Amino acid sequence: MRVEIMTPDETLFEGEAQHVFLPGSDGAMGVLDMHAAMITTLRAGTLRIRTSEGEQSFELQGGTVEVLENKVLVLAA
């Protein structure tokens, strides 16, 4: 699936991933390939992405995530 993580100032990540772990406002959640569509808010915490090259982590202060048509778009604060 395609993943983009953006802040108002920069793009933190853009590429393909197998798994995205998100700090959701109502609890942690994972997104896998072909996940159902959703939009939700994020709380402060660690976002992790698993790619074919390994795992990357990003510290967020909150934000919003949209999952649609095998694409994960994170608008981070």
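Read the figures in this text as sums done on the coordinates, not as results from a lab. In this text, all values refer to a predicted model and were calculated from it rather than measured experimentally. Quick reminder, even Gly has a Cβ in these numbers, built from the backbone with ideal geometry, and neighbours come from all protein chains shown.
Distant-in-sequence amide contacts of L42, defined by a placed amide H-H separation under 5 Å and a gap of 5 or more residues or a different chain, comprise S25, G63, T64, V65. What residue among M34, A17, S52 has its Cα farthest toward the positive end of the dipole of the chain, where the charges are +1 on Lys, Arg and -1 on Asp, Glu, each on the Cβ? Checking the options against the dipole of the chain, the answer is M34. Couplings for region 52-66, taken from phi via the Karplus curve 6.51 cos²θ - 1.76 cosθ + 1.60 with θ = phi - 60°, read 5, 9, x, 10, 10, 10, 9, 8, 10, 9, x, x, 9, 10, 10 Hz in order; Gly and Pro are left as x. Computed from backbone phi with θ = phi - 60° and the Karplus coefficients 6.51, -1.76 and 1.60, the 3J(HN,Hα) list for region 11-23 is 9, 7, 7, 8, x, 8, 8, 9, 8, 10, 10, 10, x Hz; x is used for glycine and proline.
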